[in-house]
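Student: Below you'll find the structure I mean.
The values are calculated or read from the model by the stated rules, or taken from the named source; none is laboratory data. In this text the structure is predicted, and so the values were computed from the model without any measurement. A quick note on method: Cβ atoms are made from the backbone with ideal geometry, for glycine too, and the neighbour counts reach across all protein chains shown. Protein only, heavy atoms only, side chains kept; ligands, DNA and RNA dropped before computing areas. Shrake-Rupley method; radii C 1.70, N 1.55, O 1.52, S 1.80 Å.
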Amino acid sequence: TDSIQENVSRTDVSEPAKAPAELIAREAARRRTFGIISHPDAGKTTLTEKLLLFSGAIQLAGTVKARKSGRHATSDWMEIEKQRGISVASSVMQFEYRDHVVNLLDTPGHQDFSEDTYRVLTAVDSALMVIDAAKGVEEQTIKLLNVCRMRDTPILTFMNKMDRETRDPLELLDEVESVLKIECAPVTWPIGMGKAFRGVYHLLRDEILLFTAGGERADQEFEVIKGIDNPRLVEMFPLEIEQLKMEVELVHGASHAFDLEAFLAGRQTPVFFGSAINNFGVREILNALLEWAPAPRSRDATVRSVQPTETPFSGFVFKIQANMDPAHRDRIAFLRVCSGRFERGMKIKHLRLNREIKVSSVVTFMASSREQVEEAYAGDIIGLPNHGNMQIGDSFSEGEMLQFTGIPFFAPDFFRVVRIRNPLKIKQLHKGLQQLGEEGAVQVFKPVHSGDMILGAVGVLQFEVVASRLMNEYGVDAVFEGTSISSARWISCDDKRVLADFERSSAGQNIAYDAAGNMAYLATSGVNLKLTQERWPKLTFHTTREHA
Ligand code: G4P
């Protein structure tokens with residue numbers, strides 16, 4: 001019997017049942033992978049919590065919130081570090097709703113705004129833009145929307161906090177259109193605001209959803225009144241209905257009707273009004289996400305484009321969460337599945353290293369349970385533990401050489417010069433910065449005309465993280481000093497002679513090379529950058545660069 005058993009288990013190991021193509025196609029089609037783009041305080045955390053509440057992934061409001069305030073209480077990186085376990089779990093939230101699997105990828109904001117925030121958006125299929133209706137379009141939203149635009153990611157818009165005094169809704173739409181250069185198609189329209197907020201009118205369904213404050217529970221039902229001409233409305237609030245009718249006429253005349261194709265092409269955004277804290281308008285957003293937002297789409301690789309329904313597994317790493325255990329330099333690589341089916345224990349190929357790995361432990365992100373999920377499909381995110389050999393932009397497959405593209409580095413906005421207290425540690429410093437640079441924690445530039453090392457980041461917390469990690473992982477006590485650099489651009493030009501001339505010119509003083517050996521121009525001011533661009537029309541100044 002022993003030998004029979006052995007035979008059986010051998011067959012099991014060497015020939016795992018291939019997932020049928022229909023199963024893979026069905027699973028991919030029911031996935032929605034998205035991120036929230038917003039300026040701090042617009043209501044991202046509140047809305048995330050309500051979305052989880054709806055799906056039954058959490059039972060009680062306050063769960064996500066508590067986590068956020070816990071992290072807020074301290075600006076000390078070491079403290080944040082202690083909560084790493086939590087932050088890994090909260091960086092991807094997977095839940096089921098109406099027979100769909102929703103993956104909500106966190107886009108870190110506030111102090112932990114970093115290049116990760118941008119790069120997360122390369123792993124989503126759609127984005128939800130949350131705007132504080134009292135404030136309108138704010139700076140961070142503009143930046144994040146520009147990142148979405150690189151891949152024409154479809155955007156849904158939620159105008160939040162209608163229970164407060166807000167700006168005029170028409171004016172808000174106008175601002176989105178002119179500042180963000182995207183057409184607005186209002187789907188719901190607010191009736192009043194602040195204390196006189198009565199609800200929203202659903203323009204496509206001709207229904208009025210009555211507002212009531214509260215909404216700590218997901219099963220809260222808001223009363224629906226059919227038809228804008230319903231006599232009950234005039235009885236209930238005659239003034240507001242008069243106003244609504246006027247506005248709706250205006251909206252129909254002046255704004256765009258919802259057009260699914262324009263939305264999917266990233267040219268138009270459906271707009272919803274509501275109040276996240278009152279759970280009002282949240283269900284409408286979730287439904288729109290399921291009905292209109294795209295399932296995983298094809299992804300470009302260097303050799304060809306990859307369909308989510310292809311049966312062989314493939315995916316790419318878009319984020320590294322480091323140092324789960326400082327003593328072991330443990331890292332989790334966040335991999336977005338692009339095709340096929342991932343199963344725990346399967347062998348996949350790490351293409352950059354041309355090495356096969358067996359994935360026996362893997363982190364998955366089901367928000368509702370602690371169970372380990374055994375499989376993943378296109379659109380899902382899995383966490384691969386590793387010791388630093390995985391980098392951002394790395395691709396994995398079942399063997400085919402597919403290097404996924406579109407996972408860029410972003411030109412930093414903040415710069416520091418690195419100094420070390422103990423010159424004997426220079427080697428460790430270089431090694432540490434090299435590895436942290438590869439991991440995407442920070443960007444490292446070496447100016448050609450000085451021995452300095454310049455660090456670049458899109459959020460200032462990145463510097464704190466790097467200082468703390470240099471100390472803990474590499475034993476290097478580094479201090480970062482301010483510089484006169486204000487922006488960086490990667491330089492390219494087909495004509496090598498022009499590049500050589502550029503290096504020899506006075507502008508050459510500002511040239512540096514990044515960790516991957518790419519030439520960059522470090523400008524001292526906006527004016528300096530503009531003048532240099534004008535003087536060197538044959539050079540291209542890039543705000544992003546692809547991974548090597
Ligand atoms: P963020 O993650 O985008 O930074 O925003 P967050 O959800 O933390 O919300 C920021 C503030 O806005 C919070 O208030 C939150 O309660 C409030 N808020 C969110 N949605 C609504 C809404 O629909 N209406 C109103 N009136 N307020 C809303 P806070 O005072 O900063 O925090 P808290 O002490 O109330 O939790």
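Student: Filter the stretch 406-424 for residues that are over 20 Å from Ala520 (Cβ atoms) and either surrounded by 18 or more Cβ atoms within 10 Å (Cβ to Cβ) or hydrophobic (A, V, I, L, M, F, W, C) (or both) and give the result.
Tutor: Result: Ile420, Leu424.
Student: Which ranges mark the helices (runs of 4 or more DSSP H) fully within the stretch 9-118 that have 3 or more residues being at pLDDT below 90 and either open to solvent by less than 40 Å² (accessible area, probe 1.4 Å) or within 16 Å of the ligand (Cβ to nearest atom) (or both)?
Tutor: Working: elements: 21-29, 44-55, 63-72, 77-82, 84-91.
Once the helices (runs of 4 or more DSSP H) in the stretch 9-118 are filtered for at least 3 residues that are at pLDDT below 90 and either open to solvent by less than 40 Å² (accessible area, probe 1.4 Å) or within 16 Å of the ligand (Cβ to nearest atom) (or both), what remains is 44-55, 63-72, 77-82, 84-91.
Student: Hey, can you tell me all the residues within the stretch 142-165 that are surrounded by fewer than 24 Cβ atoms within 10 Å (Cβ to Cβ) and within 14 Å of the ligand (Cβ to nearest atom)?
Tutor: Within the stretch 142-165, Asp163, Arg164, Glu165 qualify.
Student: Something else about it: Among the numbered criteria (1) without any contact (Cβ under 8 Å) to a residue 60 or more places away in the chain; (2) touching a Pro at 6+ places or on another chain (Cβ under 7 Å); (3) open to solvent by 10 Å² or more (accessible area, probe 1.4 Å), which one does Glu398 miss?
Tutor: (1)
Student: Of all residues being open to solvent by 30 Å² or more (accessible area, probe 1.4 Å) and either more than 16 Å from Ser275 (Cβ to Cβ) or of a type in the set (Phe, Trp, Tyr) (or both) in the stretch 127-139, which is farthest from the ligand (Cβ to nearest atom)? Just the residue, please.
Tutor: If we filter the stretch 127-139 for residues that are open to solvent by 30 Å² or more (accessible area, probe 1.4 Å), which is where we start, we get 134-135, 138-139.
Cutting the leftovers down to either more than 16 Å from Ser275 (Cβ to Cβ) or of a type in the set (Phe, Trp, Tyr) (or both) gives us 138-139.
Values: Glu138: 10, Glu139: 13 Å.
Among those that are open to solvent by 30 Å² or more (accessible area, probe 1.4 Å) and either more than 16 Å from Ser275 (Cβ to Cβ) or of a type in the set (Phe, Trp, Tyr) (or both), it is Glu139.
Student: Name the residue that is farthest from the chain's Cα centre (by Cα), counting only residues in the stretch 383-399 that are over 16 Å from Phe409 (Cβ atoms) and outside any strand (DSSP E or B). Walk me through how you get there before you give the answer.
Tutor: So in the stretch 383-399, the residues over 16 Å from Phe409 (Cβ atoms) come out as 383-390, 395-399.
With outside any strand (DSSP E or B) added as a condition, the list becomes 387-390, 398-399.
Working: His387: 24, Gly388: 22, Asn389: 23, Met390: 20, Glu398: 26, Gly399: 28 Å.
The selected residue is Gly399.
Student: Ok, one more. Among the residues of the stretch 438-453, is any under 28 Å from Gly393 (Cβ atoms), modelled with pLDDT of 90 or more, in contact with a Cys (Cβ under 9 Å, 6 or more places away or on another chain) and not hydroxyl-bearing (Ser, Thr, Tyr)? Let's see the steps before the verdict.
Tutor: Kept after step one, since they are under 28 Å from Gly393 (Cβ atoms), are these residues of the stretch 438-453: 438-448, 452-453.
The next check asks that each one be modelled with pLDDT of 90 or more; those that pass are 442-448, 453.
Pick out the ones that are also in contact with a Cys (Cβ under 9 Å, 6 or more places away or on another chain) and you get none.
Scanning the stretch 438-453, I find no residue that is under 28 Å from Gly393 (Cβ atoms), modelled with pLDDT of 90 or more, in contact with a Cys (Cβ under 9 Å, 6 or more places away or on another chain) and not hydroxyl-bearing (Ser, Thr, Tyr), so the answer is no.
Student: So which of Lys358, Lys431 ends up being open to solvent by 60 Å² or more (accessible area, probe 1.4 Å) and modelled with pLDDT of 90 or more?
Tutor: On the way: Lys358 fails: modelled with pLDDT of 90 or more.
Lys431 is the lone residue from the list that is open to solvent by 60 Å² or more (accessible area, probe 1.4 Å) and modelled with pLDDT of 90 or more.
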